[in-house]
Each structure stands twice: as structure tokens, then as C-alpha cells.
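One structure below.
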Amino acid sequence: MCRETTAHNWSDPAPTYSEWLEESLALGSKVDEQQYKLELEYCGGSETSEEEVSLSGKVAPSDTASSQAGRLYKYKRWLGHWSPAYDPIRTETELALHAIYSEDISKCMGNEPIVQALKELMKYEMAMLITEDEDDKSLRAGTGSRGNHDNSLVYSRAAAMVRACQFKIDDSLQPDDIPFCGHATANKIKDIARTGTTEVLEAHRSDQVVNDSSGTPRPDTGGGATKKLFMQLPGVGAKTAKIWFDLGYRSYEDLEEAIDSGDVRSEGGRLPIGFEQAFSLQHRQDLLEALPTSDLQDMQTAVMEALTHATGVEGWKMIVVGGGRRSLPSHDGDFVITHPTRSTEGVVRMLVDRLVEKKKLVSSRQAMCRISEGRMGAHLDHMRQHVLHGTTTNSNNIAVDRFDKVFGMFITQDGKIRRMDLIITPHEEYPFCLLGWTGSKQYLRFLRQHAGNCNMYLNSHRLMRREGQQSCIVPEDGPPLDRSGKPGWPPGWDEKRVVKDEGDIMELLGVPRREPHERNCP
């Protein structure tokens, strides 16, 4: 158990803080702290607005000129409001978690075309990442080109900042106008605002090699549009997309012709394509179109029947996650499954067998049907050791967890093929799993980086922290840490309260609750 002798209460960080904040909010302006003998300290941070430094997680330098209103007060216009409670915030990451990421609001502001262009740039960069996982659904740390990795994150973060922006962006934008915006990114955003595109984007779209900010060609960037096209197929990652592009293929039709007539461009006269990829190519029309609500309901009905039949237990809970839960169009059905009392051990294999038997899931002999199971044993002990020895990463391995899961191809009542992913979680980890698999990825990067800035560790299983030679699960073993690294309970929390939903996790991290549709960081 963690020691709590040094804990303080976040709801009262200073004896008169509550009164000062209440009067400030009531008056609509900041009341002089000296009236309450109040001192607001600025505690540790991680990023500056320059891309190169913010990616490294270095502590931001002090800004004495703006210390009275807070170093990040310059982003008031971007955020659309300001509160004295924001003054102690020292990192752009934490401030980003006070924004709302809504596609509808972005459209109303007139900024969504810029968001979409930045998203497109991000996807081109991700198409250059060579990973071991050929179903390249998530970006994994430690693989691929570091430069491409950084570039994709820069564009992802920039797209998020533009989507949250509360003013109309034009070609007068300056780097300090929005968080995480260096000069190079600001110039691209201004180009897009002025013309609807940028030189780098047009180069990617035409499969040309892209130059870096110094004008030096990046030889690994050729074929961006074609590689991105190929990677839309389930089971095709950047590695295979690059092989196909290097062999001269430029379309799905090229691939089909190579399969039908025999390919003379590769060794042995055969197209290097696996049966999973060939299945995806054959059924691409079904797999790449938006998933209607009727098909999601079809999936839920079939899976719930299979769960009840396979386990002999009713009461399973199944909820849509991913973009579908965030009110976005989706090409696949992602679901988190749990049960309030029944163990989830061994369920995934029985579930798959039943769905295949009922002809609702394509078997692994015909198409992609990947099962991950048996990795939950002692997973908390592994996490404790990683936290204790400081070998965790908070921001990159977004979708890496130990839950039992299946990634497969569902057969609808109309005979269409749809991608379906099922994640099965123990009930005690359900809120964390739901948060992790709902996303968005960039929102999770912000949330997990903020946890790291507070000397805690967040993943899709738990929130943990280190104290001395112990690793503590929050809130079971003790309170969370605030931005200065001090333990203490947020308002409304004590040692008896447990995490029941995603908002509880956000409260433990000291950031606002956000509904799924407000977390649409691109």
C-alpha cells in the first residue's frame, strides 16, 4: 500500500484558494492573490511550443514576463476562454486536455478543411512506417523510421490543435497562436488556409519524394498516395505496401490482374500476397465503405448470442468503441465486452468457435481472424515492475495491451463482409479499457503524457504511480499525484471511492471530463 501521510487535498491547495477562485469566477476577472495571501507556484512541465523540443518531453523554460497570468495565457484565444485555475498549468499537454475536440464545432469555425489536410499528411507519414505488425492499425513505438514517426505525430497534434481552435485560422497565423506549433508547421497551416493545400501535401498525393524543411529530399517518402491506398486493406501494413509499390503496382486493379494472370515482376512470377490480404482485396468494396448502424446491430446480436451460448451465462455487456462511439463514420465495428461477475478467462476462444459455427465469422483458414489470449496472467505484476523501474512509456504504445481480443471478418445478414474487432476485459478494468479503445489516439497521447508529467503511468488497464520502492495502483492503493508530484485526493474523492467510468479517470488526472464526441483529436 502507498503511504498517504504527505497527501494534501486538491480541493484546497492553499487555505484560502477556494474563496479566491470563487470570487474570481463570480467577478469574471482575476482577483489580486495578495488579498488572500495566496501564492500560485508553477510546477514541472514537459513541452514548449517548438516541435523538436516538445517531442523530446523536455521541461519548458520559465516565462517570467507572463508569469502573473500564467505562461500559457497566450493561448486564451485558441482555447476560447480562460480561468485563474489555468494559471498554474505549465505544459501544453495539460492545457490541451481542457479543450474540446469536436468536428462539428471545427466545421462551424471554418477550420475543418485544414484539419483534414493535416490528417492526410499524417496518414502519408504513417504509410512510410515499416512495422512488424502487418495489420498496421496502431502506431507502435520503437519501429519504423524515427523521422517519419515524429512527422506523423507532429501532423496529428497540429490537426488536433486546429480542430480545437476557437478562432478562424487564416494566413496570418503565428507559431504562438496555437499550442505545439513550430514555424515549419505554422507555415504549412498558413499555406493550407490560403490555398487549400501545401507543397508537401501535393508531393505526397502525386507519389513524389518529399523534401524536409531544409529542402533536402527524403528518399523513403516516395509513393505516399499509393502506399496509403494499399494500407486501407485490412491485413496490409506499410511493409507490404512498400513491396507492392516498389514492384510497380499502383492500384487495386493492378493487384487483381497480377493474381489472375501471374506476376512476372517478382521472384517466382507470383504476387507477394498472403491469403488474408487477398481476401481483403477481393472484398474491398464491403470493407472500405462506411458501416451502417444495421450492421453494427447485427454484430451485437450475433456476438451476444454467441457469448451466452458459449459460457452459459447471461448479463454480458458489449459497447461500441473507436470512432463509432465518438459519433464518427467507421469502416469496422470495434467492441469492448465485459461481465460484472463472470471471469473472462478462456471466453475469446469459445466465442470465436461459436461465431464461426454460426457462419457469422470467417475462419482463420480463409481470412484474417487473429486471436490474442492468455496474456492477462500476472499483468498487474508486470506493470508494477515497469513502473518501479521506470521502463514505461506513456504516449506511443496506444493500443498495446494484454486483453484477450479477436480481429476478424464478420458476415452480415446480407452476406457482406465487415471488419470486426472484439476486446474482452475483466470488469474491474472496464473503464480503463473503454477509455483506451474509444480514443482518439491523439487524445490518449495527451492524457498519458500528462499522467507521465505527474509521475504516473496510464494505460488501458490501470493508473499507477511509484512511491519509494513501491508501485501503487490509483486509487486502490492511494491517491494520485498532482502536476507538482504531490499526492492528494481530487475534490469528491477519498480512499473508499473506486473508478466506475472514464470520467473518473480524468478526474484522478485533474483534467475535465470529456464525452466521447469531445475527444475527436484527429
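Odds and ends about this structure:
- Among residues of region 357-375, those that are touching a strand residue (DSSP E or B) at 6+ places or on another chain (Cβ under 9 Å), without any contact (Cβ under 8 Å) to a residue 60 or more places away in the chain and open to solvent by 40 Å² or more (accessible area, probe 1.4 Å), counted: 6
- Residues of region 220-261 satisfying the condition of being hydrophobic (A, V, I, L, M, F, W, C), touching a residue at least 60 places away in the same chain (Cβ under 8 Å) and open to solvent by 10 Å² or more (accessible area, probe 1.4 Å): ALA225, MET231
- LEU380 being among the aliphatic types (A, V, I, L, M) and either buried (at least 19 other Cβ atoms within 10 Å of the Cβ) or not in a loop (DSSP other than H, G, I, E, B) (or both): yes
- Residue match in region 280-289 (condition: free of Cβ contacts under 8 Å to residues at least 12 places away in the same chain, of a type outside the set (S, T, N, Q) and open to solvent by less than 50 Å² (accessible area, probe 1.4 Å)): no
- Restricting attention to region 484-494 and to residues that are part of a strand (DSSP E or B) and open to solvent by 10 Å² or more (accessible area, probe 1.4 Å), the residue that is farthest from ASN453 (Cα to Cα) turns out to be TRP489.
- Residues satisfying the stated conditions in region 89-130, i.e. farther than 28 Å from ASN453 by Cβ, part of a loop (DSSP other than H, G, I, E, B), open to solvent by 10 Å² or more (accessible area, probe 1.4 Å) and touching a residue at least 60 places away in the same chain (Cβ under 8 Å): MET128, ILE130
- Residue in region 308-320 that is aromatic (Phe, Trp, Tyr) and either at pLDDT below 95 or open to solvent by 20 Å² or more (accessible area, probe 1.4 Å) (or both) present: no
The values are calculated or read from the model by the stated rules, or taken from the named source; none is laboratory data. On a predicted model such as this, the values are computed, not experimentally measured, just so you know. FYI the Cβ positions are ideal-geometry reconstructions off the backbone, even for glycines, and counts take in every protein chain you see. With ligands, DNA and RNA removed, areas are computed over all heavy atoms of the protein, side chains included. Shrake-Rupley method; radii C 1.70, N 1.55, O 1.52, S 1.80 Å.
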